[in-house]
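Contents: one structure, followed by commentary.
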Amino acid sequence: MTALLSVRDLRVTLRTPGTERVQALRGLSFDVRPGEVLALVGESGAGKSLTARTVLGLAPHGATVTGSVRLDGRELVGAPPRLLRSLRGRRMSLVPQDALAVLSPVHTVGGQLVRALRSVHRMSRAQARRRAVRALDRVGIPDAARRAHAYPHELSGGMRQRAVIAMATVNEPALVFADEPTTALDPPVQARILELLCGLGEETGTALVLITHDLGVVGGHADRVAVLYAGRHAESGPVEHVLRDPRSPYTAGLLAALPPETAAPGGPADRLLPAIAGSPPAPGHLPRGCAFAPRCPLAEGDCRTLEPSPVPAGDPGRLVSCHRWRDLPDPAHSLYTGTPRRAPGATVERGPA
Amino acid sequence: MTDPAPPLLEVRDLVVRYPGRTRRDAPVTAVDGVSLDVRAGETLALVGESGCGKSSTAAAVLGLRRPDAGSVRFEGQDLTAITPARLRALRPAFQPVLQDPYGSLSPRLRVRDAVAEPLRLHGRWDRATGPDRVAELLERVGLDPAHGDRLPHELSGGQCQRVGIARALACEPRLLVLDEPVSALDPSVRAGVVNLLTRLQDERGLGYLLICHDLALVRHVAHRVAVMRRGRVVESGPARRVCSHPEHPHTRELLEAVPPHPGTPRRRTLPAAS
């Protein structure tokens, strides 16, 4: 299948106050296929939001962008602002984290949708009004005709996020970025919003890039996942494979640290979670070699001098950026749980396989 | 269980009301008759959706908000009935750890001074031994004493949260009120801070009132759970029972929203091949 969006060796250098320039995205490549849900997972500073903003042509002021971003085969890096403006909202759009930040507080939700519609299509106000109500209805806002007259502050957090999703999808774009769309919401609302977002593709063929720091939400919702660390690719592939059998020590650590599904049986030791040591590097203060090496239990030699690039990792469609992915124990999370792994020369009695 | 110790914290029929939006509006009852206990060495998790009254309960427990009715007893003393001076003297024994790791530290105070501040405020600062005490506290929360020279913006979120915990520990508390202590942290450092809290509890028998919306985490670290909805506790009990056999529909709803552990294989509705 040809890619809808194709990002190659994307590098973004930011100018920060005080210090000189910081390369926040350091050569990222990925594809988004029509209709799929791709999860972009990473911690703060990993470059997830910057990736979305750069693709949308909304990189921060003073940023230098190199590499290639192609939407429908058309190059967007260095494209004239007019082209980007005509694509935003029509071919690609953004659902941000904070709905209040993008909704105008002084216009009704319906009015804002009408405006979004009429900026793209030639239609009468009444026509646009009907489409707007339908859009609100589609994202599960009850009594949409009445709610269209509501101002954002009159809606609950979940309803507001639905209204923003309606705005981002009303012109049926081919690609929607959702940047941490549910972090401000309560878990039951989160689950419903994620279902709504990820279900959009099935109806209209819209592809979704779901940006999140939470591997937990990825499992039930995404088709493929790309894990980022410190502005680079760490691991990517079909979601079930990556989550069940990670190939990068970083992904393995994130998974190991999630609380298990059953309550701790009792003893204090049972309540401890396997944790990755240290904290993620600040952009601009990266270690030499692999950025994860100082926290990685497998790091040695090469890891501290040579930055790994994505290489195929076994199964089709899987890439990993790690020199030592072949040495990951099985299961991978035992790297962090302290259970002995292939101790050299040790005579271990093995039970039946 | 043998002969249960008297609870560290006893909340009975707590009511907290806020004035309505205009003078004519009826007051909003945020907490409507909540009762709960926290024992030494035990974590009670308070869970529920935003607006259910968790944080208002915490504010009343910390003596930051006078309840409109009911009592809050800490080691037998009713915080709502004692003099302000007595309350101040008791404060070091119950300390908060807040959600926003940067927001809860002064941006202009070096880590060393931030940790020393509670000691100074409560008249426990000793010029000779104080610096050692601060270094010891930093080490206990997993920070290098050299971090003492830093300002909050020079630390990561996880490190700031550790400083916040060191501050709370400075005056030897017996109860910590943890308001979403890890939800603002990066996933790769979250487990480390959770473990720190667990170890501190086991070492010192601290009681924790944990406010948390992450039920997967609650299930793992809490001994008991109280589920709140619209200002009331709708279900409470041992964490294992409440999470595996929820009785109230609202508890069930909260549990169903917990994403399954992604490592375990499970059925998934794949998009129809087109």
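The values are calculated or read from the model by the stated rules, or taken from the named source; none is laboratory data. Just so you know, these numbers come straight off a predicted model, no measurement behind them. In this analysis, Cβ positions are derived from the backbone assuming ideal geometry, glycine residues included, and neighbour counts consider all displayed protein chains. Ligands, DNA and RNA are stripped out before the accessible areas are found, and what is left, the full protein with its side chains, is counted by its heavy atoms. Shrake-Rupley method; radii C 1.70, N 1.55, O 1.52, S 1.80 Å.
Which condition does A:D179 not pass, out of (1) touching a Lys or Arg at 6+ places or on another chain (Cβ under 8 Å); (2) within 14 Å of chain B (Cβ to nearest Cβ); (3) under 23 Å from A:S86 (Cα atoms); (4) open to solvent by 10 Å² or more (accessible area, probe 1.4 Å), if it passes all the others?
(2)
Looking at A:L273, is it of a type outside the set (V, I, T) and within 11 Å of chain B (Cβ to nearest Cβ)?
Working: of a type outside the set (V, I, T): yes; within 11 Å of chain B (Cβ to nearest Cβ): yes.
For A:L273, the condition - of a type outside the set (V, I, T) and within 11 Å of chain B (Cβ to nearest Cβ) - is met.
Just the residues that are crowded, with 21+ Cβ neighbours inside 10 Å, among the charged types (D, E, K, R) and either out of contact with any Lys or Arg (no Cβ under 9 Å at 6 or more places or on another chain) or closer than 18 Å to B:A40 by Cβ (or both), please, taken from the range B:164-182.
B:R167
Could you count how many residues in the range B:203-222 are of a type in the set (D, E) and in contact (Cβ under 8 Å) with a residue 24 or more places away in the chain?
Residues that pass the stated criteria total 1.
So how many residues does the range B:149-193 have that are over 12 Å from the mean Cα position of the chain (by Cα), of a type in the set (A, V, I, L, M) and either at pLDDT 90 or above or under 16 Å from B:L209 (Cα atoms) (or both)?
7
Would you point out which residue out of B:V16, B:V38, B:V34, B:V11 is over 29 Å from A:R271 (Cβ atoms) and surrounded by 13 or more Cβ atoms within 10 Å (Cβ to Cβ)?
Values: B:V38 fails: over 29 Å from A:R271 (Cβ atoms); B:V34 fails: over 29 Å from A:R271 (Cβ atoms); B:V11 fails: over 29 Å from A:R271 (Cβ atoms).
Every option except B:V16 fails the conditions.
Specify which of the listed residues (A:V65, A:V22, A:V77) is modelled with pLDDT under 95 and of a type in the set (V, I, T). I'd like the intermediate steps shown before the answer.
Working: A:V65 fails: modelled with pLDDT under 95; A:V77 fails: modelled with pLDDT under 95.
Result of the check over A:V65, A:V22, A:V77: A:V22.
Just to be sure, is B:R65 among the basic types (K, R) and touching a residue at least 24 places away in the same chain (Cβ under 8 Å)?
On the way: among the basic types (K, R): yes; touching a residue at least 24 places away in the same chain (Cβ under 8 Å): yes.
Yes; evaluated as a whole, the condition is true for this residue.
Consider A:V189 carefully, then state whether it is modelled with pLDDT of 85 or more and within 24 Å of the chain's Cα centre (by Cα).
Working: modelled with pLDDT of 85 or more: no; within 24 Å of the chain's Cα centre (by Cα): yes.
No: the conditions fail for A:V189.
Inside the range A:177-224, can you point out the residues that are among the aliphatic types (A, V, I, L, M) and more than 30 Å from A:A252 (Cβ to Cβ)?
To start, the set of residues in the range A:177-224 that are among the aliphatic types (A, V, I, L, M) comprises A:178, A:184-185, A:189, A:191, A:193-194, A:196-197, A:200, A:207-211, A:215, A:217-218, A:222.
Selection gives A:V189, A:L196, A:L200.
Tell me whether the range A:233-245 contains one or more residues that are among the hydrophobic types (A, V, I, L, M, F, W, C), at pLDDT 95 or above and over 28 Å from A:A128 (Cβ atoms). Break it down into steps so the answer makes sense when it comes.
First, the residues of the range A:233-245 that are among the hydrophobic types (A, V, I, L, M, F, W, C): A:234, A:239, A:242-243.
Subsequent filtering for residues that are at pLDDT 95 or above retains A:234.
Next cut, over 28 Å from A:A128 (Cβ atoms) only: A:234.
Yes - at least one qualifying residue is present in the range A:233-245.
Regarding the range B:105-119, can at least one residue be identified that is within 15 Å of B:A170 (Cβ to Cβ), in contact with a Ser or Thr (Cβ under 7 Å, 6 or more places away or on another chain), open to solvent by less than 20 Å² (accessible area, probe 1.4 Å) and touching a residue at least 40 places away in the same chain (Cβ under 8 Å)?
Yes, some residue in the range B:105-119 is within 15 Å of B:A170 (Cβ to Cβ), in contact with a Ser or Thr (Cβ under 7 Å, 6 or more places away or on another chain), open to solvent by less than 20 Å² (accessible area, probe 1.4 Å) and touching a residue at least 40 places away in the same chain (Cβ under 8 Å).
Got a sec? Which helices (runs of 4 or more DSSP H) wholly within the range A:1-117 have at least 2 residues that are open to solvent by 40 Å² or more (accessible area, probe 1.4 Å) and among the basic types (K, R)? Show your work before the answer.
On the way: elements: A:48-55, A:81-87, A:99-102.
Of the helices (runs of 4 or more DSSP H) lying wholly inside the range A:1-117, those with at least 2 residues that are open to solvent by 40 Å² or more (accessible area, probe 1.4 Å) and among the basic types (K, R) span A:81-87.
Using beta carbons and a limit of 6 Å, which pairs, at least six apart or on different chains, have the first residue in the range B:223-244 and farther than 12 Å from B:L44 by Cβ and the second one of a type in the set (S, T, Y)?
Sorted first by the residue in the range B:223-244, then by its partner, the pairs are B:G231/B:T29; B:E235/B:T251.
What's the number of the condition B:A128 fails, among (1) of a type in the set (A, V, I, L, M); (2) part of a loop (DSSP other than H, G, I, E, B); (3) under 23 Å from the mean Cα position of the chain (by Cα)?
(3)
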